1. Of all residues being among the charged types (D, E, K, R) and not in a strand (DSSP E or B) in the stretch 94-129, which is nearest to Ala40 (Cα to Cα)? Just the residue, please.
2. Would you tally the residues in the stretch 143-197 being polar (S, T, N, Q) and more than 19 Å from Ile215 (Cβ to Cβ)?
3. In the list Val94, Val116, which residue meets the criterion of being surrounded by fewer than 17 Cβ atoms within 10 Å (Cβ to Cβ), under 23 Å from Glu172 (Cα atoms), aliphatic (A, V, I, L, M) and assigned by TED's automatic domain parsing to the domain that holds Ile66?
4. Within the stretch 52-70, track down each residue that is within 18 Å of Met152 (Cβ to Cβ) and either modelled with pLDDT under 90 or charged (D, E, K, R) (or both).
5. Just to be sure, is Asp132 touching a strand residue (DSSP E or B) at 6+ places or on another chain (Cβ under 9 Å) and part of a strand (DSSP E or B)?
6. So Ala80 clears everything in (1) crowded, with 22+ Cβ neighbours inside 10 Å; (2) more than 18 Å from Gly203 (Cβ to Cβ) except one condition, right? Which one?
Amino acid sequence: MAWTQPVAATTQWAVSRVKFGEAKGPTWTGPLDTSVNAIALVDDVLVLAGAFAQGPGTHDLWVWWISAETGELLNVRAFAAPFLDDPQNWFDEVARGVALVGDEVVVVGERQFLTVDDELVRRTIVLRHGLDGEPLAEWTSPGEQLQEDAGMGITPLRDGGFAVVGWGRDQETIRQVVTRWFSAAGEPTAIRIEPTPSNDAVGLVVGEDREGKLIIAGMRQQPKTDANAWVFAIPGPVGPPVWEVVRNGPGQGPDEAAGLAIDAWGYTYVAGSEFDALQPRAFALRLYP
């Protein structure tokens, strides 16, 4: 497991190993001012993706390789804008998702990027590593469809490559769910934007079902309510959604679906947060194929 915990007005990630029927194993914590947003398992190594706070509202993207047996730090990789572009290290870079794709560890997230028009925008970043953490390649969205976009979740694809989900928007407009497909070589092959012209929406996690559909979970703003959890399936880069589920918690507060798992029989399991009696609470759904 990975989470953030407040420590003296800062954040710090922690990882714990738990065995069924046994007491909780040791807990390993990271440096102060760090946070973890995603976790992946490579044999007996945990890969944690997150950020290291550099100041108010600014982070460097960090990835840690941790032994699941001992908690030993095996490797760490950091990403920040080059010094010539950001000499004061004011740009923000955060890892949002990580997955094992073939024999690579692929990290996705968002970075601030200075355009040729001197506009500071957010763009999706994809970082590919070897299993041991050796950096292989990096890719930043060119903003070919919308001015800004960010990668929030990633899933490997059975036919090779991977898909990334997140959000995109033109500046000072609403966010829309953006899905990108990448080849096994890490090259972008297709992009899809969900038509939600009047409602703010974000895809947080993504998975592939046994039929090759992508299941996306996140949140969507709807009239007369706060944000609602939104889960839907798409057949590929083109074609209308196959199905969708919108969950509005009883408290009419902000709801979001932030966790997703798909089993071999095609059932989709979604976890997230909602409001009841003005208090946040967790929810879990099992959706039939």
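The values are calculated or read from the model by the stated rules, or taken from the named source; none is laboratory data. Just so we're clear, the structure is a prediction, and the values are computed from it rather than from any experiment. A quick note on method: Cβ atoms are made from the backbone with ideal geometry, for glycine too, and the neighbour counts reach across all protein chains shown.
1. From the stretch 94-129, those among the charged types (D, E, K, R) are 96, 103-104, 110-111, 117-119, 122-123, 128; that's our starting set.
From what's left, not in a strand (DSSP E or B): 103, 117-119.
Values: Asp103: 13, Asp117: 37, Asp118: 36, Glu119: 34 Å.
Selected residue: Asp103.
2. Step one: of the stretch 143-197, the residues polar (S, T, N, Q) are 145, 147, 155, 171, 173, 176, 179, 183, 189, 196.
Now drop any that are not more than 19 Å from Ile215 (Cβ to Cβ), which leaves 145, 147, 171, 173, 183, 189.
Residues flagged as polar (S, T, N, Q) and more than 19 Å from Ile215 (Cβ to Cβ) within the stretch 143-197 amount to 6.
3. Numbers: Val94 fails: surrounded by fewer than 17 Cβ atoms within 10 Å (Cβ to Cβ).
So the residue among Val94, Val116 that is surrounded by fewer than 17 Cβ atoms within 10 Å (Cβ to Cβ), under 23 Å from Glu172 (Cα atoms), aliphatic (A, V, I, L, M) and assigned by TED's automatic domain parsing to the domain that holds Ile66 is Val116.
4. The first filter runs over the stretch 52-70 and keeps only residues within 18 Å of Met152 (Cβ to Cβ), leaving 59, 61-63.
Correct list: empty.
5. Numbers: touching a strand residue (DSSP E or B) at 6+ places or on another chain (Cβ under 9 Å): yes; part of a strand (DSSP E or B): no.
It is false that Asp132 is touching a strand residue (DSSP E or B) at 6+ places or on another chain (Cβ under 9 Å) and part of a strand (DSSP E or B).
6. Answer for Ala80: the failing condition is (1).
Residue-by-condition table, conditions (1) of a type outside the set (Val, Ile, Thr); (2) touching a helix residue (DSSP H, G or I) at 6+ places or on another chain (Cβ under 7 Å); (3) over 25 Å from Val164 (Cβ atoms); (4) assigned to a strand (DSSP E or B):
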| site | (1), (2), (3), (4) |
| --- | --- |
| Trp230 | yes, no, no, yes |
| Val238 | no, no, no, no |
| Ala261 | yes, no, no, yes |
| Tyr269 | yes, no, no, yes |
| Ala282 | yes, no, yes, yes |
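For (1) without any contact (Cβ under 8 Å) to a residue 40 or more places away in the chain; (2) among the charged types (D, E, K, R), each residue gets a yes or a no:
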residue	(1), (2)
Phe52	yes, no
Phe79	no, no
Asp92	yes, yes
Gly97	no, no
Phe113	yes, no
